[in-house]
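To start, the structure itself, in structure tokens.
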Amino acid sequence: MYLVETAFTFEAAHRLYNVNTYSNECRLNVHGHSYQVRVIIGRMELNDAGMVVDFKKLKEILHDKIEKFYDHAWILQKDDPLVPYAMQNCAKVIVSSENPTAENMAKEFTDIIKHELTMVDPELFVRRVSVRETENNIASYQED
């Protein structure tokens, strides 16, 4: 198995709206992160060019389907009472079915990347996607 890894960053704000689960800092306050996303893509055998995937094509997919969409967005869970305000007053709002935790974002990004890679080359697979919210806090999603 061959693996390649790349990363990209974006700035975004979110709030983890759940009455019983999160600390007041994350639950009550909208706050932002400089997210770093690391993506590991694999292939059992190299393609005819001797690559897993062309890095330029991979970066294009990541930029067009995730980075451009999430950069400088306000990410809220669909049940958050701030959604109507955000939709009315902010230029870029992402309403998620799940709370916008790093764990849920890693899973969502994996699904997006898998879908896009299938159209490029069905032999490609997503090995792992990691989302770093802060210097010391990283969540990953990996299918087994």
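Restricting to segment 120-136, and then to whatever is of a type in the set (S, T, N, Q) and farther than 17 Å from T6 by Cα, can you tell me which residue is least open to solvent (accessible area, probe 1.4 Å)? Quick ask: steps written out before the conclusion?
Here is the first cut: in segment 120-136, the residues of a type in the set (S, T, N, Q) are 130, 134, 136.
Those still in the list that are farther than 17 Å from T6 by Cα too: 134, 136.
Working: T134: 50, N136: 134 Å².
Applying the filter and picking the extreme gives T134.
Can you name the condition, by its number, that I112 falls short on among (1) open to solvent by less than 70 Å² (accessible area, probe 1.4 Å); (2) in a helix (DSSP H, G or I); (3) over 22 Å from R132 (Cβ atoms)?
(3)
Filter segment 16-47 for residues that are open to solvent by 80 Å² or more (accessible area, probe 1.4 Å) and modelled with pLDDT of 95 or more and give the result.
R38, M44, E45
Tell me which residues, restricted to segment 66-83, are out of contact with any Cys (no Cβ under 8 Å at 6 or more places or on another chain) and either among the aromatic types (F, W, Y) or open to solvent by 90 Å² or more (accessible area, probe 1.4 Å) (or both). Working first, answer last.
Within segment 66-83, the subset out of contact with any Cys (no Cβ under 8 Å at 6 or more places or on another chain) is 66-73, 75-83.
Passing the criteria: K68, F69, Y70, H72, K78, D79.
Outside any loop (DSSP other than H, G, I, E, B) and touching a Leu at 6+ places or on another chain (Cβ under 6 Å): is that true of I40 in this structure?
Values: outside any loop (DSSP other than H, G, I, E, B): yes; touching a Leu at 6+ places or on another chain (Cβ under 6 Å): yes.
Spelling it out, I40 is indeed outside any loop (DSSP other than H, G, I, E, B) and touching a Leu at 6+ places or on another chain (Cβ under 6 Å).
The values are calculated or read from the model by the stated rules, or taken from the named source; none is laboratory data. Since we're looking at a predicted model, the values are computed, not measured. So basically every Cβ, Gly included, is an ideal-geometry build from the backbone, and we count neighbours across all protein chains shown. Side chains are part of the model used for accessible areas, which takes the heavy atoms of the whole protein and leaves out ligands, DNA and RNA. Shrake-Rupley method; radii C 1.70, N 1.55, O 1.52, S 1.80 Å.
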